[in-house]
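Below is one structure; the comments refer to it alone.
The values are calculated or read from the model by the stated rules, or taken from the named source; none is laboratory data. Being a predicted model, the structure only gives us computed values, none of them experimental. Cβ coordinates were reconstructed from backbone atoms using ideal geometry, including for glycine residues, and neighbour counts include every protein chain displayed. Accessible surface areas use protein heavy atoms only, side chains included; no ligands, DNA or RNA. Shrake-Rupley method; radii C 1.70, N 1.55, O 1.52, S 1.80 Å.
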Amino acid sequence: MESNVTMFKNLNITTKVVIAIFLVVVVSTFVNTYIIVKVAERYLEVTRITSLENIADFKVDKIETFFHERRGDIAVAQGYFNIKTNLPIVTQFARDRKNPAYITAKKALDSQLKIFQRVYGYIDVMLVNPEGLIVYVSEDTHLNIDMGLHISDVNVRALEEGEKGIWFSEIYKSEIQKNKYKMLITAPVKDFDGRFIGLIVIQVDANTLYEFILETTGLGETGEALIGKDMGDAALFLNTLRHDKESVLNKKVLYSEKEAFPMREAVQGRNGSGLSIDYRGREVVAAWRYLPSVDCGLVVKIDTDEAFLLIYKLRKYAFLCTFCIIFIAMFTGYLFFRTVTTSLKKLIKTARRIAAGEFDLRTDIQSQDEVGLLAGSFNMMTDSLQKEIEKKRVSEECFRELVENINEVFWICDPELTRMIYISRQYESMWGRTCESLYNDPMSFMEGIHPDDRELVRNAVSKWCEEPYNIQYRILHSDGTIFWVWARAFQVKDESGQTKYMAGIAEDITRRKKLEDKLKGKIRELQVARESIVRAERLATVGRFAGTIAHDVRHPLTIIRNSSYFLNMTLKDADEKTRKHLKLIDREVSFANSIITQLLTFSRAKEPECIKTNINDFISDYMSEYLLPDGIKVVTEFDNKCHEIMVDRTQFKQLFDNLTVNAIDAMSEGGRLTITTRYLSSVNSHLEKEKPMTDDQEPMTKCDFVEITFEDTGSGIKKEDLKKILEPLFTTKQQGTGLGLSIVKNIVEVHGGKISVESEEGKGSKFTIVFPGSR
């Protein structure tokens, strides 16, 4: 033995390598190929069985859900007050269906059970008396077929099982519709004293269930799903088979036959999977499950020839590739190592230069040839590499300790966001998602972002290599909890200045955001309070001085008007200029009086003395007496359904005066004033959605209302003035007190009404008033 070892050591390196390659390549290639094929076969087998199990579990869950929902439906129907009340009546008059009592009871049942049938998609809902006779059907087409029929004629066990509790019948074939399969669900009905008064029977379309069972997605060309019923010594197939279209309720498989194993296991309450023989005698991969709701078994299977087709191909190609690899390796190794000897010294020098850490290879070769020198060089490089690894490990531990103990989420990924390199554990508490999900799909963090903020984040991420972002957005947890996040991203560049990684920090700023929102709310409240105080002070000032101003100003105005009248009467031969100035004095005195009147009206508002008034007649009378300027046209549109309203006619006339004057002033170059009335049945359901009130108005209670609108084609109101237009002392006119519209608002409100304004600058204004109607 020692002589053989010595002889091998003395061989030249080319011969050594050729012999070693032959031994290593042949043995290792065959062993590896065998192991790979076996592992692949096992993996494919497990994968296929797991897939079938998943399909079977999915179908079981779907079927169980189907029957659970049906059980819930009939359980709800058991307690219907309608059924408890009317089942005794239709039972009593079942043989006299023209009796008014039966007709009334049937209409009451129809009003509920027909909807029940239609909503849940049932074929029919039947009521059965205690003797088993059908006394009611919800499906009109079944009246002449099922009425008066004994329920045992439909299913022998229906009456007996139905008295005990909720019961599902076996699937049976319709005698009328040849391709239609049905089943019954029965449950007892008791009266309000707990006495049995009959059954409720639901007729279910089993074809709906069949469509799902027969779905072959994931089962290839030969796979199928089938359900069966335990018949004692055999299993009865309840659905159409893929390879036997006439099998439903006809085909049986005896338990004594080996083909019946999966179905026998399933119908007897056991779950499992594995290789077996199907009803055709073909070898299959199958998964079987028990269906407790209907005491049936489910089998999902696929032919092994199709299931393991990939394995057969793998064996063939694997061993073919093995022989090719061996041949290529031997031939290449011989050519390479025959010439490699002369280059070994150069290779040694190269190996020493890269000893800084490119390879992690160790060898214990002790020979003195070139391979031994090369091995020593590689060992030197490995030692150096080990030191570098240790340094990096220490650095990584320090880094991890740092980022894992800060409250912010820290992350590192590639610039394209296709690979997440690191994410700190704080991500799980902040996002409510696992770190593993982010490693599997780096873009999955977007699913946790509030839908309204996703576009903001998506745009920031798309540009982060060019412009690192600094943004705030919201995180939405599955329980509805919202977190605010402040996220920053920055670039990590290599020596050449290229972006190598992207890193960032996400900080939870929810508490800060709440404090900011609270502060903003307080600021808004202070602003509203300040405006209210200023408005109240202005109104108080008007109230204090209105009476004094009226007395002190009206007395000299009266003297001026009397003097003007006297001069006008005595100077009958006065020239045109004198008369013009007298008219001017009289007009300005009238204007000053109107201002005083508005001040007194505003400051001394009195309770209205209301009488019933037909609003359409009032408007017609008012406009017939009003003298309109040239170029102004008034259009009235009346709703004849408007009820009378309770108003103070004097105050109401002043309201119309102010609104009409306001409209005419806005149409200095002429235009159209449209006055309309409209009946409203409910302000809460209609008006408040369409016409927002002012901030200080309370919502109206529900009743009948009359709506009056004044719509002009004048200059309109600026957007910034629209909210203040009804406030006292606010005016946009060169000559005006700012009290006209505020008086209108006061009159409307003391009558229990509401007023709103719509306007667009340059297109006119629309004032809408709503008063409670009077019956």
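For the stretch 689-700, does any single residue satisfy the condition of being open to solvent by 30 Å² or more (accessible area, probe 1.4 Å) and modelled with pLDDT of 85 or more?
There is no residue in the stretch 689-700 that is open to solvent by 30 Å² or more (accessible area, probe 1.4 Å) and modelled with pLDDT of 85 or more.
How many residues are modelled with pLDDT of 85 or more, of a type in the set (S, T, Y) and open to solvent by less than 60 Å² (accessible area, probe 1.4 Å) when one looks only at the stretch 709-741?
1
Pull up the stretch 490-527, narrow it to residues that are among the polar types (S, T, N, Q) and either within 28 Å of the chain's Cα centre (by Cα) or in a helix (DSSP H, G or I) (or both), then point me to the one that is surrounded by the most Cβ atoms within 10 Å (Cβ to Cβ).
T510
Looking at F30, F116 in this structure, which one is open to solvent by 70 Å² or more (accessible area, probe 1.4 Å), aromatic (F, W, Y) and in a helix (DSSP H, G or I)?
F30
Sort out which residues of the stretch 304-320 are more than 42 Å from the chain's Cα centre (by Cα) and either open to solvent by less than 70 Å² (accessible area, probe 1.4 Å) or of a type in the set (K, R) (or both), and write them in order of number.
T304, F308, I311, K313, L314, R315, K316, A318, listed by residue number.
With the condition kept exactly as written, say whether any residue in the stretch 60-70 is within 22 Å of D146 (Cα to Cα), open to solvent by 30 Å² or more (accessible area, probe 1.4 Å), of a type outside the set (S, T, N, Q) and assigned to a helix (DSSP H, G or I).
No.
I'm trying to understand the selection: among the residues of the stretch 457-489, which are closer than 23 Å to K514 by Cα, buried (at least 16 other Cβ atoms within 10 Å of the Cβ) and either aliphatic (A, V, I, L, M) or in contact (Cβ under 8 Å) with a residue 60 or more places away in the chain (or both)?
Selection gives V457, I475, L476, V485, A487.
Go through the stretch 446-500 and report how many residues are within 20 Å of R433 (Cβ to Cβ) and aromatic (F, W, Y).
Total satisfying the criteria: 4.
Would you call Y136 modelled with pLDDT under 90 and either open to solvent by 50 Å² or more (accessible area, probe 1.4 Å) or at negative phi (or both)?
Judged against the criteria, Y136 is not a match.
Can you name the residue in the stretch 143-160 that is surrounded by 17 or more Cβ atoms within 10 Å (Cβ to Cβ) and of a type outside the set (S, T, N, Q) and, of all such residues, is farthest from I83 (Cα to Cα)?
V154
Quick one: would you say V744 is open to solvent by 20 Å² or more (accessible area, probe 1.4 Å) and either at pLDDT below 65 or β-branched (V, I, T) (or both)?
no
Return the residues of the stretch 268-305 that are touching a His at 6+ places or on another chain (Cβ under 8 Å) and charged (D, E, K, R); say none if nothing qualifies.
Residue satisfying the conditions is R280 alone.
Across the stretch 652-685, what is the number of residues that are open to solvent by less than 20 Å² (accessible area, probe 1.4 Å) and in a helix (DSSP H, G or I)?
7
State which residue is farthest from F66 (Cα to Cα) when the search covers only the stretch 196-220 and only residues that are part of a helix (DSSP H, G or I) and open to solvent by 50 Å² or more (accessible area, probe 1.4 Å).
Selected residue: E211.
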